[in-house]
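*Asks:* Provided herewith is a single structure, encoded as structure tokens, for subsequent inquiry.
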Amino acid sequence: MAASKEDDYKDSFDAEFYLKTYYSSVKSVDGTTEFMLSHYHDIFQTGEITGKRLLDIGTGPAICYVIEQCLRFDQVYLSDFPESNRRALHQWLSNHNFHDYSPFFKHLAKKFSDERTWEDIRDEVAQKLSGILFCDVRSASPLKPSFFPQFDAVTSTFCLHAVPETLGEYRAIVRNVSSLLKPGGWMVEMGHLEETYYTVKDTRYNVLYMNKKDVCKIWTEEGFTIHNWKEYTPVSQERKTYTDWKSIFCMVAKKKNPSEK
Ligand SMILES: C[S@@+](CC[C@H](N)C(=O)[O-])C[C@H]1O[C@@H](n2cnc3c(N)ncnc32)[C@H](O)[C@@H]1O
């Protein structure tokens, strides 16, 4: 099905299918999910990325990649463009049986060498989630009509490349996202390299083809210092049925203070 991108995300992102297909198991998608969970854990475990308030951009319908953030920050805000995804997030908050995230909570519980059970982790996540917001990264005020003071940290997983059609548009998105972050604040972007599309059920979503050089150049030119870059390239071919990405990247960058520019 080929529809305009905006219509795709606004009207037909199938949150239920997405959750069932991509977030039923820690082992799904060529081991990607396990890599992502572990890498998010390692990034936050360093204790470098700190603060009180964190925003996740383009959360989709799934909380898998905001669990670590909720365990480290006092308030975590989720955001997405289509109503269907924001509704799925609300549904899980009001009824934890809406989607079974226990494999993900259990996986992370093993990584913490304390007394916490997976249910403790689930409850802490639910308690820290402080808002589910409309967001359009193409806008200079992405959270409008909401307004929030700049955040201590921003994370975004598999979203920022899914929106633009050109590198110029990606740069504008980086600028818009940066406006939400305090100077000295941390940005974590995870995404795919050398991808042109992915599918959710019958709908194909175009993705801007990017390599490491493009991503690093644009974030650096927009006032960030890149502190960490990691890539993962699976050997299996499972993903080839619904996407063409080559590898995953994880970038940790710090927004410069005006005096550093
Ligand atoms: C591939 S999904 C990633 C979802 C989730 N972060 C994950 O890792 O599974 C891309 C996400 O980008 C969101 N998105 C699309 N257009 C957007 C826009 N203009 N502003 C903010 N988010 C948008 C979609 O709704 C979708 O949730």
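The values are calculated or read from the model by the stated rules, or taken from the named source; none is laboratory data. Remember, it's a predicted structure, so these values are computed and weren't measured experimentally. Positions of Cβ are generated from backbone atoms using ideal geometry, with glycine treated the same way; all protein chains shown enter the neighbour counts. Surface areas here come from the heavy atoms of the whole protein model, side chains and all, with no ligands, DNA or RNA. Shrake-Rupley method; radii C 1.70, N 1.55, O 1.52, S 1.80 Å.
*Asks:* Give the span of segment 157-218's Cα atoms along each principal axis, as three whole-Å numbers ordered largest to smallest.
*Replies:* Cα extents, longest axis first: 41, 22, 17 Å.
*Asks:* May I pose another question? For the chain, take N as its residue count and report Rg(C-alpha) divided by 2.2 N^0.38 Å. Mind showing how you got there, number by number?
*Replies:* Details: Rg = 17.2 Å, N = 261, 2.2 N^0.38 = 18.2 Å.
The chain yields a ratio of 0.94.
*Asks:* Another one. Within the chain, which whole H helices from DSSP have a Cα span along their axis of at least 27 Å and a mean Kyte-Doolittle hydropathy of 1.6 or more, if any?
*Replies:* none
*Asks:* Would you work out which of 107, 143, 15 lies farthest towards the positive end of the dipole of the chain? Charges go on Cβ: Lys and Arg +1, Asp and Glu -1.
*Replies:* 143
*Asks:* Order of 158-171, 60-73, 107-120 by packing, highest average Cβ count within 10 Å first?
*Replies:* Numbers: 158-171: 17.8, 60-73: 23.4, 107-120: 13.0.
Highest to lowest by the protection proxy: 60-73, 158-171, 107-120.
*Asks:* Also, quick follow-up: Probe radius 1.4 Å, ligands and nucleic acids left out: which of 224, 81 has the largest accessible area, and how do the rest follow? Numbers along the way, then the final one.
*Replies:* Numbers: 224 0, 81 35 Å².
Listed by decreasing accessible area, they come as 81, 224.
*Asks:* For residue 247, which sequence-distant residues (separation of 5 or more, or a different chain) have an amide H within less than 5 Å of its own amide H, given hydrogens modelled in the peptide plane?
*Replies:* Long-range HN contacts for residue 247: 193.
*Asks:* Then there is this: On the protein heavy atoms, probe 1.4 angstrom, tell me the percent of accessible surface of the chain carried by carbon and sulfur.
*Replies:* Values: 5760 of 11640 Å².
So the carbon and sulfur contribution to the accessible surface is 49 percent.
*Asks:* Using θ = phi - 60° and the Karplus form 6.51 cos²θ - 1.76 cosθ + 1.60, what ³J(HN,Hα) does each residue of segment 200-210 get, whole Hz, x for Gly and Pro?
*Replies:* Result, rounded to whole Hz: 10, 6, 9, 9, 9, 10, 7, 10, 6, 5, 9.
*Asks:* Here's a follow-up. Quick one: accessible area per residue over the chain, 1.4 Å probe, rounded to a whole number of Å²? Mind dumping the intermediate values first?
*Replies:* Numbers: 11640 Å² over 261 residues.
Accessible area per residue, the chain: 45 Å².
*Asks:* Of the peptides 195-202, 144-151, how do they stack up when ordered by the mean number of other Cβ atoms within 10 Å, highest first? If you can, show how the numbers build up before the last one.
*Replies:* Working: 195-202: 15.2, 144-151: 12.0.
In descending order of packing, they fall as 195-202, 144-151.
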